[in-house]
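Student: Below is a structure I'd like to ask you about.
Just so it is clear, none of the values below were taken in a lab; they were calculated from the coordinates. Keep in mind it's a predicted model, so treat the numbers as computed, not measured. Using ideal geometry, Cβ is built from the backbone for each residue, glycine included, and neighbour counts are taken over all protein chains shown.
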Amino acid sequence: MALTREQIVDAAMAILRDYGLADLSMRRLARDLDVQPGALYWHIKNKQDLLTVLAGLILEPVGQAASLRGLALAIRRALLSVRDGAEVVALAHALAPQGPSPLLQFRQLLDAQGLSRQDGQWAADALIHYILGAATQQQTSAGLARVGLVEHTDDGADAAFEFGLGIFLAGLGAGSA
């Protein structure tokens, strides 16, 4: 049976979910699929291309949101649903900041806030950085706890995130938008 792009992406997502980004290499992926590493490159240009595809899958459940708050919470949920999801999405966003992504919805929602074009872009970028940073911190802490380097505690990450988001939205004058 011929190797397909879908098989590669599915196997990569399985490695990411089970072991994390540090274990996701093209060599590991080829080994898990029982193919030579070169066979992957017929379907995936490079690891960056693969990470961009995985980021799209991670963010797929987000869909369309009616408010900044709803979008922020949906993105955070999607990031936290996959081990190292925030790091993968951050890498993909850095590689293709204008690529198709629910992250771009922030700009659309901020247009309705009456901000200038530049202020709207900066506000969208700040929101994206806040969400990615908070989710990365939470996933990093969970990873350290998994390997026994820190004690896992329920540090109120959900409440802390919502508090910070509320401050951010109040500063934009968006309230519960």
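Student: Could you give the length gained by full extension between Ala126 and Ser67, i.e. 0.36 nm per residue of separation minus their alpha carbon distance, to one decimal place? Each step should come with its number before you reach the end.
Tutor: On the way: separation 59, 0.36 × 59 = 21.24 nm, distance 1.61 nm.
That works out to 19.6 nm of additional length.
Student: Between the helical axis of 47-59 and the dominant principal axis of the chain, each derived from Cα atoms, what acute angle in degrees is found, rounded to the nearest 10?
Tutor: Around 50 degrees separate the two axes.
Student: Could you list the GluC sites (Glu not before Pro) in the range 76-177 that lie in coil according to DSSP, counting only those with at most 16 other Cβ atoms within 10 Å of their Cβ?
Tutor: Here the GluC sites (Glu not before Pro) that fit, given the DSSP loop and packing criteria, are Glu151.
Student: Using just the helices of the chain, give the 222 nm mean residue ellipticity in deg cm²/dmol: DSSP H runs with n ≥ 4 each add -39,500 (n - 2.57), and the total is spread over all residues, rounded to 500.
Tutor: Calculated from helices alone, the mean residue ellipticity at 222 nm is -21000 deg cm²/dmol.
Student: Report, in degrees rounded to the nearest 10, the 0 to 90 angle that the Cα long axis of helix 157-172 makes with the longest principal axis of the chain.
Tutor: 50
Student: Note down the nm distance, to one decimal, between modelled labels 7 Å out along Cα→Cβ at Asp18 and at Glu60.
Tutor: Distance between label points: 1.9 nm.
Student: What is the gain in length, in nm to one decimal, between Val35 and Glu151 on full extension, counting 0.36 nm per residue of separation less the C-alpha to C-alpha distance?
Tutor: Stretched fully, the Val35-Glu151 segment lengthens by 37.8 nm.
Student: Please work out how much length the chain gains when fully extended from Ala159 to Gln108, using 0.36 nm per residue of separation minus the C-alpha to C-alpha distance, in nm with one decimal.
Tutor: My answer for the length gained is 15.7 nm.
Student: Here is a follow-up. Output the 0 to 90 degree angle, nearest 10, between the alpha-carbon long axis of helix 68-80 and the longest principal axis computed from the alpha carbons of the chain.
Tutor: In the chain, helix 68-80 runs at an angle near 30 degrees to the longest axis.
Student: Charges only on Cβ, +1 for Lys and Arg, -1 for Asp and Glu: so what's the dipole of the range 99-159 about the Cα centre, in debye to the nearest 20?
Tutor: 260
Student: While we're here: Take every Cα pair under 8 Å in the chain that's 6+ residues apart, average their separations, divide by the length, and report that relative contact order as a whole percent.
Tutor: The normalised contact order for the chain reaches 20 percent.
Student: Nearest 20 debye, what's the magnitude of the dipole of the range 64-172 about its Cα centre given +1 on Lys and Arg Cβ and -1 on Asp and Glu Cβ?
Tutor: Dipole size: approximately 280 debye.
Student: In sequence order, what are the phi-derived ³J(HN,Hα) couplings for the range 108-118 according to the Karplus relation 6.51 cos²θ - 1.76 cosθ + 1.60 with θ = phi - 60°, rounded to whole Hz, with x for glycine and proline?
Tutor: Each residue of the range 108-118 in turn: 4, 5, 6, 4, 6, 7, x, 6, 5, 4, 5 Hz.
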